[in-house]
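Have a look at the structure below, then the notes.
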Amino acid sequence: MSEQYVQVAVPVPMRQLFTYQVPKEMQTPAIHIGERIAVSFGARQVIALVITVDTAVDDNCQIDAKKIKPISKRLNDSFHLSLSLVAFLKLCSNYYHHPIGDVFVQALPKLLRQVKKVELQPPMVWQKAKTVNDEHNEPLAKIATKAPKQFALYQLIAKHQGISWAELRTLGYSKAQLTALSSKTLITQSKQKPCQFSWQEQNLAQENKQVLSTEQAIIVAAINQTLTQFSCHLIDGVTGSGKTEVYLQAMEGVLANHQQVLVIVPEIGLTPQTLLRFEQRFNVPINLHHSNLNDTERLDTWLNAQQGSAAIVIGTRSAVFSPLHQLGMIIVDEEHDSSLKQQDSFRYHARDIAILRARQLNIPIILGSATPSFESLQNALSGKYQYHQLRKRAGQSNKAKIALIDVAKQQMEFGLSGTLKHEIKQTLARGEQVLMFLNRRGYAPAITCQECHWLSDCQRCDKPYTFHQKQKLLICHHCGSQKRVPKQCPSCGSIRIAPVGQGTEQLEQRISELFASVNVVRIDRDSTRKKGELAKLLQEITEKKHQLLIGTQMLAKGHHFPDVTLVAVLDGDGALFSFDFRASEQMAQLLIQVAGRAGRASKPGKVLVQTNYPDHPLLQDLVHNGYQHFAKQALVERKQALLPPFSFQALFRAEANYPSYPEKFLRVLTELTLNNCQFAGPVPAAMEKKAGKFRYHLILQAKSRKELHIAILQLLAAIPNNEWQNKVRWSLDIDPIDLNW
Ligand code: ADP
Ligand code: ZN
Ligand code: ZN
């Protein structure tokens, strides 16, 4: 037997691979690329992933062959990554210039990142009890009339071969309801039988299928044409125009081919409704991938994907790394949403790498949005993607009308103009719901001294503290630090300290007073902190337990509220004057998305936007001509200014305790001569100081992605010689979308 060496990725933020020797006794059975093994790294034992296997030490390895350590252990389990997944992760690591070990961490569930042996229990699933006869069953007849939710749960379980608690919980059912059915011996729990998913005709619920409109049918046909090749489809259609119906019908062919489908949604809050729609159409194993699962459930999803027992995986961002081995189609819903981009450490965009993955596997990918990102829109307009539009709302509902309210000309009370108050009253009187949108959580964005105008700033960020009345605390929304509200002004001693401005918490209080006869609910990060709370509140809204809904951008995203007929945007001016070239794109998307919540069912909806600048061209264009017109105009401007998507950017961020360090570190980078690339900066970040650290930005821009890539390699190679590198923390963001921090 000959010598054997492996190069492995180790879960540390270092860019290189590490070489280990495979002792003779560990060489059989043959070691494979993608295998997880244990190695000693420093003083620790860590899990490493095999990237290459060789009979000699790689030429690039700088260690003397005799000093190479042996691997510690092979795990002899079946939790390997396929060759194609390893290749995909390497692609991601190269694209983002991110340490490969860190990329692999994303692709493994926590239990598989531990050296400890994984005690694998077969996943438990619920089934209808075999003894139950639906016809003559007294307990069943009783719950059918007395406990409709329990009955619905029973019907759902009865329809399935086995359904997991994670899925039931995501659909809004409770442990208590399960226990109740179980104690009546209507359902039982058993171990899930591992089996390869294979399609049968009865997996499709024909009765729920809609007859497609011509527009929809053309799209489905176009997608069907590309089932065996890479093709990126952008579906640009207003909320309610039938995008999801197109996804469902396009998936049929893939599932019928016994292949798997990956569905990526930007927010965990959107998984329940997506799951429900898919669940109603396909009776196939659906697995979930999101942050509200425990470690075992995550491992179950991972294994079900890997072994092929999952037909569909629905998940948030990191589901893009799901080890589906028969993947036949990827769908990215709400593709414009910035939550698809990870904003720390490995800063990948799930949409962009989903496209990489589809290309690698030679399968179709569908992007859907009512407000496509400029990147996708440009690719669609230039013919790189197949561009599909859905111009009308499906069924009977009509598009909501957007109107502006000039607040400068109105008496305001608690941030509400007279016109708005009047409209709210009328909507409530008709028994319909109102959504009020204010993108500022907390009680007030600052507190101030009314005598000397002292403002309560967070020392670590130089930004005002947000006042949270319920907790009686000042909280910095940038670094999370908290402090008590001072009784006296620290500057002049006055006791006239008061909140200024209005956040959602205050709005909720005022609105509850103003409209005392109806129920008000607030949905923001504070009110939904508890696990399961968001799902519960959304459910209550659907059940019309609340008439007035107050929310931040959390409420703007993709949720369906059929009885909301008035959407009020309290402060439409947020991003009109931002320095960030993407701010107007994001604001337009937000306004249109919020507007999309109105009038989904047969009732017409109305959107009112309060603004100080009703003549602002951006608002005018959006209101009169719609998102597409606005977006096309804005793309012309981007082209003239050579901004993305007409150029490519990378952002170097650096921070340190002193402002001079990050500045100098970045300045040294700009001294390198690069081909066809420009630097902008270094400049202080928009939030120059955060949590006590001073932050600087340096943007690198190129006309082609290739040139950008080459320049970055040169810059990275030069960093070890940068004299400031040990004094700063730096990071690299490819295709940055948030220049604020
Ligand atoms: P989107 O995903 O674009 O928001 P959906 O696919 O959810 O739109 O469709 C909105 C509503 O219209 C849903 O209730 C859906 O069942 C219905 N719908 C979609 N397509 C059709 C169709 N071809 N005929 C009738 N109703 C449809
Ligand atoms: Zn004062
Ligand atoms: Zn702070």
Checking the conditions here, which among 255, 303 is at pLDDT 90 or above, part of a helix (DSSP H, G or I) and more than 21 Å from the chain's Cα centre (by Cα)?
255
For the structure I just gave you, tell me whether residue 528 is touching a residue at least 12 places away in the same chain (Cβ under 8 Å), surrounded by 15 or more Cβ atoms within 10 Å (Cβ to Cβ) and within 22 Å of the chain's Cα centre (by Cα).
yes
Being within 16 Å of ligand 2 (Cβ to nearest atom), surrounded by fewer than 16 Cβ atoms within 10 Å (Cβ to Cβ) and aliphatic (A, V, I, L, M), is that true of even one residue in region 425-439?
no
In region 168-193, the residues that are in contact with a Pro (Cβ under 7 Å, 6 or more places away or on another chain) and within 22 Å of residue 260 (Cα to Cα)
170, 171, 192
Given the condition part of a helix (DSSP H, G or I), at pLDDT 85 or above and crowded, with 16+ Cβ neighbours inside 10 Å, answer yes or no: does some residue in region 635-653 qualify?
yes
When both residues are 6+ apart or on different chains and their Cβ atoms are under 9 Å apart, which pairs have a first residue that lies in region 458-477 and is in contact (Cβ under 8 Å) with a residue 12 or more places away in the chain and within 13 Å of ligand 3 (Cβ to nearest atom), and a second that is of a type in the set (D, E, K, R) and assigned to a loop (DSSP other than H, G, I, E, B)?
466/440; 466/441; 476/460; 477/441
Given the criteria assigned to a helix (DSSP H, G or I), in contact (Cβ under 8 Å) with a residue 40 or more places away in the chain, over 13 Å from residue 654 (Cβ atoms) and among the hydrophobic types (A, V, I, L, M, F, W, C), does residue 715 qualify?
no
Verdict on residue 481 being near ligand 3 (Cβ under 10 Å from one of its atoms) and small (Gly, Ala, Ser):
yes
Regarding region 489-496, can at least one residue be identified that is under 29 Å from residue 565 (Cα atoms) and either of a type in the set (S, T, N, Q) or within 16 Å of ligand 1 (Cβ to nearest atom) (or both)?
no
Please enumerate the residues belonging to region 448-457 that are buried (at least 19 other Cβ atoms within 10 Å of the Cβ), of a type in the set (S, T, N, Q) and more than 13 Å from ligand 3 (Cβ to nearest atom).
448
Might you check whether a residue that is touching a helix residue (DSSP H, G or I) at 6+ places or on another chain (Cβ under 9 Å) and free of Cβ contacts under 8 Å to residues at least 24 places away in the same chain occurs anywhere in region 483-492?
no
As an exercise: evaluate residue 411 against (1) touching a Ser or Thr at 6+ places or on another chain (Cβ under 9 Å); (2) more than 15 Å from ligand 3 (Cβ to nearest atom); (3) in contact (Cβ under 8 Å) with a residue 12 or more places away in the chain and give the number of the one condition it does not meet.
(3)
Residue 664 - would you say it is free of Cβ contacts under 8 Å to residues at least 40 places away in the same chain, outside any strand (DSSP E or B), charged (D, E, K, R) and at negative phi?
no
Any idea which of 405, 331 is assigned to a strand (DSSP E or B) and surrounded by fewer than 23 Cβ atoms within 10 Å (Cβ to Cβ)?
405
Hey, which of the helices (runs of 4 or more DSSP H) in region 132-216, taking only ones fully inside, have at least 3 residues that are loosely packed, with under 15 Cβ neighbours inside 10 Å and more than 16 Å from ligand 1 (Cβ to nearest atom)?
138-146, 148-159, 175-183
Between a first residue in region 73-88 that is on the phi > 0 side of the Ramachandran plot and a second residue that is among the basic types (Lys, Arg), which pairs have beta carbons less than 6 Å apart while being 6 or more apart in sequence or on different chains?
none
Sole exception among (1) within 21 Å of residue 242 (Cα to Cα); (2) part of a loop (DSSP other than H, G, I, E, B); (3) in contact with a helix residue (DSSP H, G or I) (Cβ under 7 Å, 6 or more places away or on another chain) for residue 393, by number:
(3)
Checking the structure you have, find out if any residue of region 284-304 is under 25 Å from residue 585 (Cβ atoms), surrounded by fewer than 21 Cβ atoms within 10 Å (Cβ to Cβ) and of a type outside the set (Lys, Arg).
no
Of all strands (runs of 3 or more DSSP E) completely enclosed by region 15-60, which ones contain at least 3 residues that are within 35 Å of the chain's Cα centre (by Cα) and in the same structural domain as residue 73 (by TED's automatic domain parsing)?
36-41, 44-54
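The values are calculated or read from the model by the stated rules, or taken from the named source; none is laboratory data. Here the structure is a predicted model, which is why all the values come from computation and not from measurement. For neighbour counting, all protein chains shown are included, and Cβ atoms are generated from backbone atoms with ideal geometry for every residue, glycine included.
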